[in-house]
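Comments concern the structure below.
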Amino acid sequence: MAMACAESWPEMLLGKAGERAALPDSSVELAGSIVPEDLHTIRVDIPRTRGTEPAFMAPGMSTRLEALLVGFCEREGVRYMQGLHEVAAVFAYLEAEAPETVFDGATSLACFISFVQKFMPCFYDVDGFVVLHVSLLFFGQLLLYHHPDLYNQLEQEDVPPVIYATPWFITLFASRSPLHVLLKLWTQYMRRGEDTFMPFLAVAMMAEQKQAILGADEDEFNLAVDRARV
């Protein structure tokens, strides 16, 4: 699956080979330099990024992740936000698994930047998570409309969307989703090409987990919600 993604994602994100914008290189003027505090946070987050998975214990993976995260912040001129490392991990994984002739560091960074630009506007939100707040509000209203029993039970247990769904919306399910599932999900998401589709996808996932959540004992309710994932 990784090889198939490494071959198809650049065209979906960057266009056909002959039509792509120039890939990032050292001659490109940066939008800004990363601040020391952000670099420190990145280096703290990297060891915690899928740290139990063999691919992320391999030599060179930490270097790939740091290059992607620093490169993104510097080229886009944004501050580092936690959650971005979960997204970068997917592209670092493809870079590690595919031959350099198919998916090298420059292609990985370009795809990473394009993916975030197209589908993850919260990483550019300098106004205090306004985009995330609106997305969660819309998700909550969709859940109330389609599954009022589930929505009302969550509210009764004092488990609003901001508690359980924030990681989904910030990382597009990258947080805690198995890589083989995530690669398939993101491939279909890119093919659909709608950056507003995330709330509908989240509702569909909650519907899939609905019976397990509603059937959980009171002491297990929060855990049942926490287990919900793609």
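Quick notes on this structure:
- Candidate set from segment 5-27 (those that are open to solvent by 50 Å² or more (accessible area, probe 1.4 Å) and over 23 Å from GLY77 (Cα atoms)); member that is modelled with the lowest pLDDT: GLY18
- Listed by first and then second residue, the pairs with beta-carbon distance under 6 Å, at least 6 apart or on different chains, first residue in segment 1-16 and touching a residue at least 60 places away in the same chain (Cβ under 8 Å), second open to solvent by less than 40 Å² (accessible area, probe 1.4 Å) and not in a helix (DSSP H, G or I), are MET3/ALA98; ALA6/ALA98; ALA6/PHE103.
- Options PHE173, PHE221; residue that is in contact with an Asp or Glu (Cβ under 8 Å, 6 or more places away or on another chain), surrounded by 13 or more Cβ atoms within 10 Å (Cβ to Cβ) and closer than 27 Å to ASP149 by Cβ: PHE221
- When residues of segment 28-80 are limited to those that are exposed (fewer than 14 other Cβ atoms within 10 Å of the Cβ) and polar (S, T, N, Q), the one modelled with the highest pLDDT: THR63
- Failed criterion for LEU109 (all others in (1) open to solvent by 60 Å² or more (accessible area, probe 1.4 Å); (2) touching a residue at least 60 places away in the same chain (Cβ under 8 Å) hold): (1)
- Taken over segment 131-167, the criterion of being assigned to a helix (DSSP H, G or I), open to solvent by less than 60 Å² (accessible area, probe 1.4 Å) and either in contact (Cβ under 8 Å) with a residue 60 or more places away in the chain or within 17 Å of THR49 (Cβ to Cβ) (or both) is satisfied by SER135, PHE139, LEU142, LEU143, LEU150, GLN153, LEU154, TYR164, PRO167.
- Long-range neighbours under 8 Å by Cβ, at least six apart or interchain, first residue among the β-branched types (Val, Ile, Thr) within segment 79-104, second part of a loop (DSSP other than H, G, I, E, B) and open to solvent by less than 10 Å² (accessible area, probe 1.4 Å): VAL87/MET120; VAL87/LEU172; VAL87/ALA174; VAL90/ALA174
- In segment 112-128, the condition of being over 14 Å from THR196 (Cα atoms), at pLDDT 95 or above, in a helix (DSSP H, G or I) and of a type in the set (A, V, I, L, M) is met by at least one residue.
The values are calculated or read from the model by the stated rules, or taken from the named source; none is laboratory data. All figures in this text were calculated on a predicted structure; none of them were measured in a lab. Heads up, the Cβs are rebuilt from the backbone with ideal geometry, glycines too, and the neighbour counts pull from every protein chain shown. Remember, those area values only see protein heavy atoms, side chains included, never the ligands or the DNA or RNA. Shrake-Rupley method; radii C 1.70, N 1.55, O 1.52, S 1.80 Å.
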